[in-house]
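Worksheet for the structure shown next.
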Amino acid sequence: MKRVGLLTSGGDCQALNATMRGISKALYNMYGEEVEIVGFLDGYKGLIYEDYVKLSPADFSGILTKGGTILGTSRQPFKDMRTPDANGLDKVEAMKTTYRRLRLDCLYVLGGNGSQKTANLLSEEGLNVIGMPKTIDNDLWGTDTTFGFQSAIDVATNAMDAIHTTAASHNRCFIVEIMGHKAGWLTLNAGMASGADIILIPEIPYDIDNVIKAVQNRNKRGRGFTIIAVAEGAMTMEDAGMKKKAYKKRVEDMLRNYPSISYEIADQIKAGTGLECRVTVPGHMQRGGQPNAYDRVLSSRLGTYGAILFSQGKFGDMVAIRDHKITSVPLSEVAGKLKTVPIDSDIITEARMLGISFGDR
Ligand code: F6P
């Protein structure tokens, strides 16, 4: 009998269920009744506190198109994993104990950056772990694309498309703030997909004067409205030059006056141009709802590859897609690295050729 565990960790996204379905269907097809699958509830919390459910093939039926996660999720920061909980429990030892008590042969971790760091830690501690690349941010090192990313692009694009029509009717300047944490992948792609005029991402620090100039230039050309895609982690050139502590303080100060960076930018545009500038924040909608067709296929492929790794006894890797091929990369290489938008990438050049301003010149 083979026993495997599944957990979904960190912020949710659209194709978590589709990925678990891919893994389980492939395992059931390979091992039939000789495989037992358990699901840990609410991410690593379930593994720490031995909170799990036994799953059967029926649990994975009908979930390909279902958003969220049937197992629940939570954020258990990697940096706190070595810190005992309020009752003095050693979390890492507790996770190892649960794994051994359930006589697991493997644990699948569906998660983003922090979750894969913990997956690597558990692998180093001797557990058989396979990582699955989840996040709408697409900032996981080692894979070209993460599941959830393309679906989130669709949601953000739809939001921007809707703003486009009302902005055009009213001749307004509109900012749409896009998620992505410290990476600009989502903003860049949704921005391009919806024909944004200005795109501000953390990788390309902006100067507000350049942003104002870009808005004014559009107006001079007779375009009464402007669409700006702003990443939640966008920063000014001055911000980018700051030490970590000073930047943290600057963000704290800004948040005393505005709900987020986009509102500060909107105020500065109003002051600089005299034009009305509104902000829309689609927020967690970007992680919600059904996975799109691309993510359903990607997750199914990643999931089946996860089952292949298990059958080969290849552990300590994260499943990935590179150059359109499903493959895997060692968790030790993934852990602790962030994949941001390379500023010299083709897509940036192409965006500039389309006349998109990044606020840096
Ligand atoms: O990592 C996914 C993500 O949605 C980021 O884009 C965003 O910064 C963060 O999670 C929001 O986290 P929370 O759901 O904890 O507010």
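The values are calculated or read from the model by the stated rules, or taken from the named source; none is laboratory data. These figures come from a predicted structure and were not determined experimentally. Neighbour counts run over all protein chains shown; Cβ positions are idealised from the backbone, glycine included.
Conditions (1) buried (at least 17 other Cβ atoms within 10 Å of the Cβ); (2) of a type outside the set (Ser, Thr, Tyr); (3) more than 30 Å from Leu107 (Cβ to Cβ), marked per residue:
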| site | (1), (2), (3) |
| --- | --- |
| Ile265 | yes, yes, yes |
| Ile269 | yes, yes, yes |
| Met285 | no, yes, yes |
| Lys325 | no, yes, no |
### Task
Go over the candidates Asp161, Asp154, Asp144 one by one and state the one that is over 30 Å from Lys325 (Cα atoms) and either within 16 Å of the ligand (Cβ to nearest atom) or over 11 Å from the mean Cα position of the chain (by Cα) (or both).
Asp161
### Query
Is one or more of the residues making up segment 170-189 away from the ligand (no atom under 16 Å from the Cβ) and among the basic types (Lys, Arg)?
yes
### Message
Given the criteria over 15 Å from Leu71 (Cα atoms) and either at pLDDT 95 or above or surrounded by fewer than 24 Cβ atoms within 10 Å (Cβ to Cβ) (or both), does Asn17 qualify?
### Response
no
### Task
Would you confirm whether any residue within segment 224-237 is touching a Cys at 6+ places or on another chain (Cβ under 8 Å), among the polar types (S, T, N, Q) and more than 17 Å from Pro282 (Cβ to Cβ)?
yes
### Task
Filter segment 164-205 for residues that are more than 21 Å from the chain's Cα centre (by Cα) and without any contact (Cβ under 8 Å) to a residue 40 or more places away in the chain and give the result.
Thr165, Thr166, Ser169, Gly195
### Query
How many of the residues making up segment 276-325 are within 16 Å of the ligand (Cβ to nearest atom), in a loop (DSSP other than H, G, I, E, B) and among the basic types (Lys, Arg)?
0
### Summary
If you go through Arg278, Arg296, Arg301, Arg322, the only one that is within 15 Å of Thr135 (Cα to Cα) and among the charged types (D, E, K, R) is Arg296
## Note on the structure
Every listed condition ((1) within 24 Å of the chain's Cα centre (by Cα); (2) surrounded by fewer than 14 Cβ atoms within 10 Å (Cβ to Cβ); (3) of a type outside the set (S, T, N, Q)) holds for Gly303 save (2)
### Message
Please determine whether any residue of segment 83-104 is in contact with a Ser or Thr (Cβ under 9 Å, 6 or more places away or on another chain) and within 16 Å of the ligand (Cβ to nearest atom).
### Response
no
### Task
Taking the residues in segment 127-141 that are of a type in the set (A, V, I, L, M) and more than 13 Å from Ala320 (Cα to Cα) as candidates, determine which candidate is nearest to the ligand (Cβ to nearest atom).
Ile136
### Message
Being under 25 Å from Leu309 (Cβ atoms), among the polar types (S, T, N, Q) and part of a loop (DSSP other than H, G, I, E, B) narrows it down to one residue among Thr118, Thr97, Thr69; which is it?
### Response
Thr69
## Note on the structure
Residues of segment 209-240 being of a type outside the set (D, E, K, R), in contact with a strand residue (DSSP E or B) (Cβ under 8 Å, 6 or more places away or on another chain) and within 16 Å of Arg278 (Cα to Cα), in sequence order, are Val211, Val215, Phe225, Thr226, Ile227, Ile228, Ala229, Val230, Ala231
